[in-house]
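The values are calculated or read from the model by the stated rules, or taken from the named source; none is laboratory data. Computed from a prediction, not measured in an experiment: that's the story for all the values here. Every residue, glycine among them, receives a Cβ derived from its backbone with ideal geometry; neighbour counts consider all protein chains shown.
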Amino acid sequence: MVTWEWYDKSQGIIKWTFTNTGKAQESVILLRNGYYFGGAFWPVYVANPEFGVTWMTEVKPLVDNGAENNAPPIAPVTFSNGYTQVLFVFTLSGGQTWSMLEGGLIILCLNPRACTRWMTQCSRRGASVTTRNALKTGTNKQKQI
């Protein structure tokens, strides 16, 4: 399950919270409002150590250092159609909850109607996760959240 809430609305920062409600370890990628999280700006994240983003070298649960300090790893993900994109990968053990901050929504949110529409789409129909099994097999199996 993935949820979001405003962390600092005046600065355009939200907090994403990922919860694995199952008992087994699970890896997911996040599709929000038609865009995979991490796909657009991964070169910026890698080039700037202050983001704390690293390349995923093994599948293991994320360590929770608090939402303000958490950063997921990135990895190339290949879909069943052969398309490969570098994305954030979120791996959680069974029952684990993990959060991170995302900024940059202040420009979008200068227009309150556009911001509300974007957030509503993320909450209601635009955010979905692709399971680790899909990452391993190359199938693009998504769960709407």
Item to check | Filtered residues of the range 4-44 (kept if outside any strand (DSSP E or B) and touching a strand residue (DSSP E or B) at 6+ places or on another chain (Cβ under 7 Å)) | outcome: ASN20, GLN25, PHE37, GLY38, GLY39, TRP42
Checklist entry - Scanning the range 36-46 for residues that are free of Cβ contacts under 8 Å to residues at least 24 places away in the same chain and among the hydrophobic types (A, V, I, L, M, F, W, C), which turns out surrounded by the fewest Cβ atoms within 10 Å (Cβ to Cβ)? => result VAL44
Checklist entry - Counting only residues that are of a type in the set (S, T, N, Q) and more than 12 Å from ASP64 (Cα to Cα), how many does the range 78-104 have? => result 5
Item to check | Residue selected from the range 47-83 under the condition without any contact (Cβ under 8 Å) to a residue 60 or more places away in the chain and among the aromatic types (Phe, Trp, Tyr), by the criterion farthest from GLY95 (Cα to Cα) | outcome: TYR83
Checklist entry - Among the candidates ALA114, ALA75, ALA127, ALA134, which residue alone is modelled with pLDDT of 85 or more, surrounded by 11 or more Cβ atoms within 10 Å (Cβ to Cβ) and not acidic (Asp, Glu)? => result ALA75
Checklist entry - Can you pull out the residues in the range 24-72 that are touching a Pro at 6+ places or on another chain (Cβ under 7 Å) and either of a type in the set (Ser, Thr, Tyr) or on the phi > 0 side of the Ramachandran plot (or both)? => result THR54
Checklist entry - In the range 3-35, which residues are within 13 Å of the chain's Cα centre (by Cα) and crowded, with 19+ Cβ neighbours inside 10 Å? => result ILE14, TRP16, PHE18, SER27, VAL28, ILE29, LEU30, LEU31, ARG32
